[in-house]
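Participant: One structure, pasted below without further comment.
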Amino acid sequence: MTLENYPLLKKGTYLNTAYMGLMSLSLSNYRRDYEQGYLNQGDSYKFNADNLLSDTHVSLSNFFGSKEKNTFVIPNFSTGIRKITNYLPFNLNVLLIKDDYPSLVNAFDEKKFNIDSIDIQENLELEIERRINYKKIDVLAISIVQYASGLLIDINFLKKLKSQYPDLIIIGDGTQFLGAHNFDFNSSPFDVVAASGYKWLLAGFGNGVLMISDYYLSRIKKKAFDLHDDIFTGHFNILSVASLNFSIKNFQKNDFNKLIKHKEKLSEKAKKIFSENCSIGEWVKNRKKHSSIFILEGNRKLYKTLIKNKIYCVQRGKGVRVSFHFYNTYKDLDKLIKVIKQ
């Protein structure tokens with residue numbers, strides 16, 4: 001997947017995938033050609049929509065290792081998470097992370113769940129385990145990667161937790177995770193993972209993915225087709241679904257594993273340099289694994305300096321958030337460090 005496929009990379013250093021993934025030239029051309037069918041063929045544009053939806057579910061299932069019947073295209077994470085919480089009994093005890101992604105937190109706050117929450121911290125997994133050990137928790141809902149800090153939850157820890165508490169329903173927000181990491185849903189500890197497609201999946205707006213386990217279905221006393229009928233009541237955005245399908249197949253065609261290995265090596269080097277320069281929090285340095293999202297310690301002056309030097313980023317809390325995807329290079333990291341030192 002050549003860098004020429006992302007024209008914006010020629011205009012600056014794009015370190016803002018955690019805010020919005022780039023549109024590729026190949027996807028842009030595909031979408032243009034696809035919409036020509038709407039323009040020139042009218043009603044026949046919709047004739048094969050159901051086949052497209054089925055094909056996209058197959059693509060998602062193959063890519064993420066989930067059962068096809070338990071895998072759904074959704075308009076976005078916020079819609080998907082509310083679909084699955086609507087089926088849960090509202091008297092359940094739910095454990096959340098304070099300052100987690102607002103749409104995840106709100107999906108539970110809006111209902112009559114019994115909510116307990118813990119602060120984000122260096123030893124988050126230990127605190128989760130401690131809380132579940134002494135307090136009955138029915139549902140753990142957490143972003144797999146925290147949008148405001150880049151903290152990557154230890155999935156092996158969650159597997160251990162799930163084996164220890166098999167009745168625990170684990171729900172993951174995968175918006176900052178899917179497309180940035182290798183993932184196999186069926187071997188994971190999650191009962192639900194939902195994500196929007198416009199960030200790391202590079203699929204544009206109006207699409208996302210929802211995956212559910214058989215255990216979740218047994219707890220809500222529903223079949224997979226019940227959710228299918230609920231999710232696809234009315235029409236769906238054909239172009240958005242086609243875009244997600246194109247993006248997933250494009251990942252596979254371009255050896256996704258190789259792309260992610262490059263991103264991980266680049267992120268590891270970034271973490272090492274940021275740690276040496278005291279640019280990131282102490283807790284990030286101490287965690288064994290971190291995502292490719294970093295909060296650089298600095299005020300608005302740092303943000304303005306980065307923007308002035310055509311480094312795409314965003315302010316988060318008291319710092320500046322940068323994020324690396326597979327289309328980023330070591331030259332991008334070098335430029336960032338050079339500007340910070342200046």
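Participant: May I ask you to list the residues in the range 82-93 that are under 20 Å from LYS223 (Cβ atoms), in contact (Cβ under 8 Å) with a residue 12 or more places away in the chain and either in a loop (DSSP other than H, G, I, E, B) or aliphatic (A, V, I, L, M) (or both)?
Facilitator: ILE84, LEU88
Participant: Now a separate question. Is there any pair with a first residue in the range 94-121 that is part of a loop (DSSP other than H, G, I, E, B) and a second that is crowded, with 20+ Cβ neighbours inside 10 Å and small (Gly, Ala, Ser) whose Cβ atoms are under 7 Å apart and which are 6 or more apart or on different chains, and what are they?
Facilitator: Pairs found: ASP100/SER143; TYR101/SER143; ILE120/SER149.
Participant: Tell me which residues, restricted to the range 265-278, are open to solvent by 70 Å² or more (accessible area, probe 1.4 Å) and under 21 Å from the mean Cα position of the chain (by Cα).
Facilitator: LYS265, GLU268, listed by residue number.
Participant: Being under 21 Å from LYS67 (Cβ atoms), of a type in the set (A, V, I, L, M, F, W, C) and either open to solvent by 20 Å² or more (accessible area, probe 1.4 Å) or not in a strand (DSSP E or B) (or both) is the filter here; which residues of the range 161-202 pass it?
Facilitator: Once the filter is applied, which keeps residues that are under 21 Å from LYS67 (Cβ atoms), of a type in the set (A, V, I, L, M, F, W, C) and either open to solvent by 20 Å² or more (accessible area, probe 1.4 Å) or not in a strand (DSSP E or B) (or both), the range 161-202 yields LEU168, PHE177, PHE183, PHE185, PHE190, LEU201.
Participant: Within the range 18-29, identify whether any single residue is aromatic (Phe, Trp, Tyr) and touching a Phe, Trp or Tyr at 6+ places or on another chain (Cβ under 6 Å), and answer yes or no.
Facilitator: Within the range 18-29 (the criterion being aromatic (Phe, Trp, Tyr) and touching a Phe, Trp or Tyr at 6+ places or on another chain (Cβ under 6 Å)), the answer is no, since none of the residues qualifies.
Participant: Starting from the range 318-332, keep only residues that are of a type in the set (Lys, Arg), then list their pairs with residues that are assigned to a strand (DSSP E or B) and open to solvent by less than 10 Å² (accessible area, probe 1.4 Å) whose Cβ atoms are within a distance under 8 Å, requiring at least 6 positions of separation or different chains.
Facilitator: Every condition considered, the pairs that remain are ARG321/ILE293; ARG321/PHE294; ARG321/LEU296.
Participant: Let me ask something else. Can you tell me how many residues in the range 203-217 are surrounded by 24 or more Cβ atoms within 10 Å (Cβ to Cβ) and touching a strand residue (DSSP E or B) at 6+ places or on another chain (Cβ under 7 Å)?
Facilitator: Summing the residues that are surrounded by 24 or more Cβ atoms within 10 Å (Cβ to Cβ) and touching a strand residue (DSSP E or B) at 6+ places or on another chain (Cβ under 7 Å) in the range 203-217 gives 6.
The values are calculated or read from the model by the stated rules, or taken from the named source; none is laboratory data. Note that the structure is predicted; figures quoted are calculated from it, not measured. In this analysis, Cβ positions are derived from the backbone assuming ideal geometry, glycine residues included, and neighbour counts consider all displayed protein chains. Calculation scope for accessible area: heavy atoms of the full protein, side chains included, ligands and nucleic acids excluded. Shrake-Rupley method; radii C 1.70, N 1.55, O 1.52, S 1.80 Å.
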